[in-house]
């Protein structure tokens with residue numbers, strides 16, 4: 001394992017992200033049967049996941065560890081596949097995702 005990923009804080013962060021991602025996936029399969037309160041909880045979890053992702057990518061960005069740099073490139077490549085445009089930063093992308101989540105929350109408030 002690399003220096004960056006030897007850190008207890010980093011490993012814990014990755015574990016939290018993995019757990020949230022698994023729960024989000026399970027919930028997505030159930031979305032058609034969730035009531036509005038459950039959907040609000042799902043959107044809250046999406047926001048939590050997004051915030052943890054932002055913090056994790058920030059940590060990666062500060063590292064000069066080759067494995068961390070490689071992971072950052074993979075994250076950026078994934079973001080490009082999901083709509084990150086040339087000239088946008090990853091934070092711009094996360095802001096767009098948060099606005100999308102906020103818009104979904106508004107549809108449940110009606």
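No value in this document is a laboratory result; all are computed from the given coordinates. Please read these numbers as outputs of a predicted model, since none were measured by experiment. Cβ sites come from the backbone with ideal geometry, for glycine too, and all protein chains shown count toward neighbours.
With each run of n ≥ 4 DSSP H residues scored as -39500 (n - 2.57), what mean residue ellipticity at 222 nm is computed for the chain after dividing by its residue count and rounding to the nearest 500 deg cm²/dmol?
Values: 5 runs with 89 residues, N = 110.
After summing the helix terms and dividing by the residues of the chain, the value is -27500 deg cm²/dmol.
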### Task
Working from Cα positions, state the angle (0 to 90°, nearest 10) between the long axis of helix 8-30 and the longest principal axis of the chain.
30 degrees
#### Entry: Cα long-axis angle, helix 66-81 against the chain (0 to 90 degrees, to the nearest 10)
30 degrees
#### Entry: Pairwise FRET efficiency - residue 3 versus residue 24, Cβ, R0 = 41 Å, nearest 0.05
0.85
### Task
Stick to the Cα atoms of segment 1-109, pair each with every other, and give me the Kirkwood hydrodynamic radius in Å at one decimal.
15.3 Å
